[in-house]
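What follows is a single structure, written as structure tokens, with notes after it.
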Amino acid sequence: MNIPPVTICVLTYGDHPGLARRVIGSIRRFCPRPRYRLVVGANAVGGETLEFLARSQGEGAIDRLEVSATNINKCPMMRRMFDGVSTEFIWWFDDDSYLTDESALERYLQAARKAPDKVVQWGVPMVLEGIPCGELGSDFATKFVRSAPWYRGLTPPSWDLGGKGELNFQGKAQGDGRWIFITGGCWWIRTSSIKLLDWPDPRLVKEGDDVFLGEALRQLGLDFEGVDAPVAINKAERRGMTGFARTLRLTAPP
């Protein structure tokens, strides 16, 4: 049996059936069915959403449906969804992102096929100039990176001297405090990189997965590229608490 190039992973959450219909409907409309497998995570969804997802699976539109009646949060559900994926690539969607044109899949695939081996992720690049750390202190993110199994000794982003190896970044006698990453609402990645990193980091709960994935790739000498594709990203109000201090578990470095 022919294996398609990509597994599309869609995470649905809460009582938002309209979002689930929009994103899955866009995939069914704009992506040729033989070109993908579809895995959907149903994290504490409402009854209408679950009924829609079960019906879609029955119709053959969804290949695997991961259901949790209680809220296990984004990253634990992501780990469940990634488990067992055998395609060359994974294409991730939050439920508030969706396709707007039939060219999206081929644009991502062509970019990935043309890229050098060290480029493993594609999407919309973002820059975060410092991470909000709340009560955990200003060195929280640095400790998180340094205690990670994917840490390889590169100095994490920081405006302190030496951040990312910089001593005079922008001519200001400072380090480089920019966290550069692909936004988490929609991204495409080599499945081998997910397996290499055992991603997402088990300490991640809900937020920060995209930011720290960018840093994890940098630590391993890997990179990402921007792709101009017809995808609407983050087209709904944020739901639940925000701020890394409330959604990460920190393991102190040894």
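Here are the numbers:
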quantity	calculated
Top positive-direction residue, dipole computed over the chain with Cβ charges, set PHE89, ALA104, LEU213	PHE89
Convex hull of the chain built on C-alpha atoms - directionally averaged projected area, nm²	14.1
Spherically averaged projected area of region 1-85 from its Cα convex hull (nm²)	5.4
Percent RCO, i.e. relative contact order, over region 6-247, from Cα pairs under 8 Å lying at least 6 residues apart	24
Cα-centre dipole for region 6-247 with unit charges at Cβ (Lys and Arg positive, Asp and Glu negative), debye to 20	360
Across LYS74/LYS143; LYS114/LYS235; LYS74/LYS114, pairs whose alpha-carbon gap is larger than 24 Å	LYS114/LYS235; LYS74/LYS114
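Computed from the coordinates by the stated procedures, all read-outs in this text should not be read as laboratory data. Predicted, not measured: the structure shown is a model, and the values here were computed from it. Cβ sites come from the backbone with ideal geometry, for glycine too, and all protein chains shown count toward neighbours.
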